[in-house]
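A quick write-up on the structure given underneath.
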Amino acid sequence: MVKKLLIAVNKTLSHEDFGKLLLRLAVGGLMLFHGLHKLFDGIDGIRGMVIAHGLPGFVAYGVLIGEVLVPCLIILGILTRPAALVLSFTMLVAWLMVGINNTWMLDKTGAWAIENIAYFFIGGLAIAFMGAGRYSLARDPAWR
């Protein structure tokens, strides 16, 4: 009886393409909030961090690619795998710039201090490995 129930539940929930869409919406949608904040309020803080690390200030504009353009592509399912890799790279840079000293720390609520960075990094990798799935604006699989 339990086995039949498990088989029925597994069959009912076996919609991999819908799962991929939900993952794309969660990872891309939540990252987009970070990017829109920087787009509307400016990237001066990011520019300061980039310059403090010895890089040219224009590198800060890469955050708009990684946190605005890339999430939009992921949400829409266009160039999903390369966009997801760029998102993961963006999170690697974020970790190196602001999170590396917090890697083994907890925040004031007991959460891992870099869990947002880890979530987006791993979510980006998961999307890169799985692809967009069927629910994508790109009809040609090469563009998914």
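The values are calculated or read from the model by the stated rules, or taken from the named source; none is laboratory data. All values reported here derive from a predicted model rather than from experimental measurement. Cβ coordinates were reconstructed from backbone atoms using ideal geometry, including for glycine residues, and neighbour counts include every protein chain displayed.
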**Message:** Here is a check on your reading of the model: is G124 surrounded by fewer than 18 Cβ atoms within 10 Å (Cβ to Cβ) and touching a residue at least 12 places away in the same chain (Cβ under 8 Å)?
**Reply:** no
**Asked** Quick check, is K3 at pLDDT 95 or above and loosely packed, with under 11 Cβ neighbours inside 10 Å?
**Response** yes
**Message:** What's the total number of residues in region 82-120 that are surrounded by 19 or more Cβ atoms within 10 Å (Cβ to Cβ), without any contact (Cβ under 8 Å) to a residue 40 or more places away in the chain and among the polar types (S, T, N, Q)?
**Reply:** 1
**Prompt:** Which residues, counting only those in region 1-57, are β-branched (V, I, T) and over 20 Å from L69 (Cβ atoms)?
**Reply:** V2, I7, V9, T12, I51
**Message:** Quick check on region 12-24: of everything there that is of a type in the set (A, V, I, L, M) and assigned to a helix (DSSP H, G or I), which residue is surrounded by the fewest Cβ atoms within 10 Å (Cβ to Cβ)?
**Reply:** L22
**Count of region 25-47 residues which are under 19 Å from I117 (Cβ atoms) and in a helix (DSSP H, G or I)** = 15
**Request:** Look through region 37-54, keep the residues that are within 20 Å of F121 (Cβ to Cβ) and either of a type in the set (S, T, N, Q) or exposed (fewer than 14 other Cβ atoms within 10 Å of the Cβ) (or both), and return whichever of them is modelled with the lowest pLDDT.
**Result:** H53
